[in-house]
Amino acid sequence: MAPLYIRPARRIYCVAMTDHITALAHIPDDTMAQLTRKSTRAGLWHLLGHFGLIAFCSALIVAQVPFWGLLLPLQGVLLAFLFSLEHETTHQTPFANRRLNEAVGRLCGLILGVPFTWFRYFHLAHHRHTNDPDHDPELAAGLKPQTWRGYLIHISGIPYWIALSKQVFRNASGKADDAYLPKSALPRVTSEARWMLALYAAALATLLFSPIVLWLWLVPLVLGQPFLRLYLLAEHSRCALVANMLENTRTTYTNRLIRFLAWNMPYHAEHHAAPQVPFHKLPMLNAHLKDALQETSDGYVSFTRDSVRRLTH
């Protein structure tokens with residue numbers, strides 16, 4: 001029987017067997033040791049590829065090659081999917097070097113407007129309470145959209161930008177009171193947000209002299225966010241509100257390009273089952289867990305098509 005969340009007296013208990021733990025227990029210790037081994041080299045090669053594509057696209061935009069405006073959504077996708085890298089650095093897994101993980105995570109957070117220190121606590125709470133409506137911070141605004149209107153608003157990115165802006169300013173004010181934030185972290189969260197706002201103000205000031213920030217960063221980020229919203233919907237949308245990570249999280253089988261851009265996070269059930277496994281080992285972990293996965297999709301087009309069929313008016 002699948003483990004269910006039950007809510008007597010507003011508390012959550014996990015009953016029955018946590019299947020992801022059982023599945024992981026069947027992996028030999030030496031194999032698990034290999035799966036959890038980090039590699040700075042693998043991380044740097046992937047980082048070089050991702051930032052190399054951003055640099056190449058940026059150079060074409062700056063050179064204003066013919067039809068350069070069509071490159072803005074592409075630049076946006078490349079930038080928006082740095083979210084997957086920032087997400088991974090909260091687990092300290094892309095690189096074996098802790099300081100490198102921190103530096104890359106903070107850089108991605110600055111580019112995306114997602115404060116790294118705050119996001120680490122937010123994301124770890126999401127892992128701890130995945131798909132639990134009462135405690136998962138990703139569900140704080142409610143379950144995923146069920147109507148056409150809600151769906152279109154969601155994928156536009158508008159609610160995301162509004163919520164993120166409010167969060168950054170609340171952090172900067174020193175009034176962040178999120179349940180997942182320990183009091184000891186508040187000074188760092190506040191300082192981080194203030195530094196980010198100061199740097200953003202400086203970046204915006206350059207618009208008085210050059211539009212480069214607009215065309216290489218701001219406009220692409222807005223254009224790329226809907227693609228990220230569509231991608232992220234597949235991770236937990238329509239999955240069971242249960243404790244089993246192989247049931248409350250979806251793995252999406254997709255092509256190499258998307259796996260590359262998303263740092264192998266389409267293997268999302270595997271990541272939730274064993275977040276200590278670095279991105280480049282997730283395909284190997286999938287080979288061990290694929291028969292136990294209860295939520296999978298054959299690509300993002302397939303998932304999106306199935307999702308829109310279920311929408312109500």
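Restricting the search to helices (runs of 4 or more DSSP H) fully inside region 13-88 and requiring at least 1 residues that are of a type in the set (D, E), in contact (Cβ under 8 Å) with a residue 60 or more places away in the chain and open to solvent by 40 Å² or more (accessible area, probe 1.4 Å) gives 19-25.
Scan region 248-271 and give yes if some residue there is at pLDDT below 95 and either part of a loop (DSSP other than H, G, I, E, B) or within 23 Å of I21 (Cβ to Cβ) (or both), otherwise no. Yes. Going by the conditions given, is N244 surrounded by 22 or more Cβ atoms within 10 Å (Cβ to Cβ), more than 25 Å from I155 (Cβ to Cβ) and of a type outside the set (F, W, Y)? For N244, the condition - surrounded by 22 or more Cβ atoms within 10 Å (Cβ to Cβ), more than 25 Å from I155 (Cβ to Cβ) and of a type outside the set (F, W, Y) - is met.
Given (1) open to solvent by less than 10 Å² (accessible area, probe 1.4 Å); (2) within 25 Å of P226 (Cβ to Cβ); (3) without any contact (Cβ under 8 Å) to a residue 24 or more places away in the chain, identify the lone condition not met by N101. So the condition that N101 fails would be (2). The set of residues from region 275-290 being open to solvent by less than 10 Å² (accessible area, probe 1.4 Å) and either more than 18 Å from T89 (Cβ to Cβ) or in contact with a helix residue (DSSP H, G or I) (Cβ under 6 Å, 6 or more places away or on another chain) (or both) comprises V277, F279, L282, L285, L289. Of the residues making up region 15-38, those that are modelled with pLDDT of 90 or more, of a type in the set (G, A, S) and under 22 Å from T249 (Cβ atoms) are A23, A25.
Of all residues in region 89-107, those satisfying the criterion of being assigned to a helix (DSSP H, G or I) and within 21 Å of M196 (Cβ to Cβ) are T89, R99, L100, N101, E102, A103, V104, G105, R106, L107. Can you pull out the residues in region 239-267 that are free of Cβ contacts under 8 Å to residues at least 60 places away in the same chain and on the phi > 0 side of the Ramachandran plot? The one that is free of Cβ contacts under 8 Å to residues at least 60 places away in the same chain and on the phi > 0 side of the Ramachandran plot: N264.
Checked against (1) within 19 Å of G105 (Cβ to Cβ); (2) open to solvent by less than 20 Å² (accessible area, probe 1.4 Å), P220 passes all but condition (1). If you go through region 223-241 and pick out every residue that is out of contact with any helix residue (DSSP H, G or I) (no Cβ under 6 Å at 6 or more places or on another chain), among the polar types (S, T, N, Q) and crowded, with 20+ Cβ neighbours inside 10 Å, you end up with 0. All conditions in (1) open to solvent by less than 10 Å² (accessible area, probe 1.4 Å); (2) touching a residue at least 24 places away in the same chain (Cβ under 8 Å); (3) more than 24 Å from F56 (Cα to Cα) hold for E270, with the sole exception of (2). Of the residues making up region 291-313, those that are open to solvent by 50 Å² or more (accessible area, probe 1.4 Å) and assigned to a strand (DSSP E or B) are T296, T312.
The values are calculated or read from the model by the stated rules, or taken from the named source; none is laboratory data. In this text the structure is predicted, and so the values were computed from the model without any measurement. Because the Cβ atoms are built from the backbone with ideal geometry, glycine has one as well, and the counts that use them run over all protein chains shown. In case anyone asks, the SASA skips ligands and DNA or RNA and just uses the protein heavy atoms, side chains included. Shrake-Rupley method; radii C 1.70, N 1.55, O 1.52, S 1.80 Å.
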